[in-house]
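This report concerns only the one structure given below.
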Amino acid sequence: MAAENLQELFVEELRDVYDAEKQLTKALPKMAKAAGSEGLRAAFEEHLDITRMQVNRLEEVFKSLGLAARGKTCDGMKGLLEEGKSHMEELDGSTLDAALIGAAQRVEHYEIAAYGTLATWAELLGHQDAKDLLGQTLEEEKEADEKLTGLAEMINPEAEEDAEGEENAVLSMPSSRSKGSRSKKR
């Protein structure tokens, strides 16, 4: 059913972000396990706890509106998480960590946009409790993005060094024409 007014759109988008957070609670443990950096692993584990609190907070929002908490498939989050999963299958080392940070920041930016919009709509619709709860989550998502930026400032140069080291190793390898065919797994 298509929303016919802002109130219905607000509820539809709440259901969307509720599903997004549920998807994220399943993905974060996998991201933490894949992370090579202890700091990144810890950040993912900490954000998992925060995400669980955000799910509970969304349930409070639904309750404040007199509605049952239920989600609808969030295709946006599904796509973002699928990209992160691809990185985990294809990359390793600090390059994987850099990719995981990038994927996590895309998720955070998606959530920042969603919660910013929802908080604004809640205020317009006179749902002050919902606005306050959504605003609290919005601030947590901004903090998570800032933390990821700090980690990226440490990890991205390591990934660059890894790439330079790999490039130098490839350049110093004997030519495949003179020594037969050689393959390198990436």
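Which residues, taken from segment 10-46, are charged (D, E, K, R) and under 21 Å from ILE101 (Cα atoms)?
Within segment 10-46, GLU21, LYS22, LYS26, LYS30, LYS33, GLU38, ARG41, GLU45, GLU46 meet the criteria.
Could you list, in sequence order, all residues of segment 71-114 that are more than 18 Å from LEU48 (Cβ to Cβ), in a helix (DSSP H, G or I) and among the hydroxyl-bearing types (Ser, Thr, Tyr)?
Within segment 71-114, SER86, SER94, THR95 qualify.
Considering segment 94-149 alone, what residues qualify as being under 22 Å from ARG15 (Cα atoms) and without any contact (Cβ under 8 Å) to a residue 24 or more places away in the chain?
ALA113, GLY116, ALA119, THR120, GLU123, GLY126, GLN128, LYS131, ASP132, GLY135, GLU139 - these are the residues of segment 94-149 that are under 22 Å from ARG15 (Cα atoms) and without any contact (Cβ under 8 Å) to a residue 24 or more places away in the chain.
Just one of ARG70, ARG41, ARG52 is in contact with a Ser or Thr (Cβ under 9 Å, 6 or more places away or on another chain) and of a type in the set (Lys, Arg); which is it?
Being in contact with a Ser or Thr (Cβ under 9 Å, 6 or more places away or on another chain) and of a type in the set (Lys, Arg) holds for just one of ARG70, ARG41, ARG52, which is ARG52.
When only residues in segment 11-65 that are among the small types (Gly, Ala, Ser) and not in a helix (DSSP H, G or I) count, which is surrounded by the fewest Cβ atoms within 10 Å (Cβ to Cβ)?
The extreme case among them is GLY36.
Each value in this text was obtained by applying a stated rule to the coordinates, not by laboratory testing. These figures come from a predicted structure and were not determined experimentally. Every residue, glycine as well, gets a Cβ built from its backbone with ideal geometry; the counts of neighbours run over all protein chains shown.
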